[in-house]
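Heads up, the thing below is written out as structure tokens.
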Amino acid sequence: MKQLLPTLALAFLATVCLHPSIAAEKAADPKAQPKPAAAAYSPQVQVFTSMGNFTIELNAERAPLTVANFLAYVDAGHYTNTLIHRAVANFVIQGGGFNTDYTPKPAALKVVNESGNGLSNVRGTVGLARTTDPHGGNAQFFVNLNDNAALDPNATRWGYAVFGRVTDGMDVVDRIGNVATGAHGAIKEETPLKPVVILKIERLASTSGGSVPKP
């Protein structure tokens with residue numbers, strides 16, 4: 001199932017696929033969760049795309065479960081030859097859920113929603129996409145192109161967990177966000193008409209001088 005985020009338009013927030021769930025549904029089985037990433041580190045990954053590269057610094061202190069989940073997918077090579085399948089100017093780019101033939105890529109690991117960690121969906125931050133299930137996030141991630149407060153949690157709804165920020169290559173992210181979009185195959189809107197491919201995502205060496213521990 002395609003994972004989506006709400007747009008800032010009020011009418012769009014009312015749709016079933018994009019509206020954040022108000023009821024707190026049952027959390028993912030904690031036994032299935034990857035071990036939290038070490039808070040003493042700020043792991044970094046390089047995202048290689050067909051339109052250029054960008055670097056993400058992960059916040060293992062504020063979003064330990066989400067970072068560990070994301071790195072588990074990185075280490076498994078999940079993102080190799082997947083699509084940036086959604087690009088909305090002044091909103092987000094989103095990827096990690098579809099192969100280059102536009103078929104959904106299976107992603108078994110899910111993670112507990114950490115949207116209440118104090119991190120906001122401001123420009124340049126990286127968040128975890130999900131279904132209407134608050135704990136339905138797995139491999140799909142997005143980069144905020146604008147300050148998107150509508151994606152943050154409030155007293156009546158779950159938000160979208162921020163777990164990192166782009167530290168280099170935001171110009172690449174902006175270029176991707178401004179490509180022409182439309183429908184293709186199972187994706188009915190907002191997908192780049194010329195495919196934008198994530199070639200791979202790799203960990204970078206720790207700035208502390210050693211390798212970042214794997215979850």
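Some notes on this structure:
- Relative protection proxy for 41-50, 89-98, from highest mean packing down: 89-98, 41-50 (other beta-carbon atoms within 10 angstrom).
- Ratio of the Cα radius of gyration of the stretch 55-140 to 2.2 N^0.38 Å, where N counts its residues: 1.07
- Furthest towards positive pole of dipole, Asn117, Asn146, Phe98, structure part the stretch 35-158, Cβ charges: Phe98
- Size check on the stretch 100-149: the Cα extents along the three principal axes, sorted descending, read 32, 24, 15 Å.
- Cα-centred dipole magnitude for the stretch 117-204, charges only on beta-carbon of K, R (+1) and D, E (-1), debye, nearest 20: 160 debye
- Hydrodynamic radius (Kirkwood) for the stretch 120-215, which is based on Cα pairs only, to one decimal in Å: 15.7 Å
- Distance from the alpha carbon centroid of the stretch 174-198 to that of the stretch 100-147 works out to 18 angstrom.
- The stretch 148-204: C-alpha gyration tensor shape, a/c 1.5 cut-off, then a/b vs b/c: oblate
- For Leu128, net neighbour charge (Lys/Arg +1, Asp/Glu -1) across residues whose Cβ lies under 11 Å away: +1
- Tail weight of P(r) past 14 Å, computed on alpha-carbon pairs of the stretch 75-125, percent: 64 percent
- Distance in nm between pseudo-label sites at Thr100 and Ala149 (7 Å out along the Cβ direction from Cα): 4.2 nm
FYI, it's all coordinate maths here, none of it is from the lab. These figures come from a predicted structure and were not determined experimentally. Because the Cβ atoms are built from the backbone with ideal geometry, glycine has one as well, and the counts that use them run over all protein chains shown.
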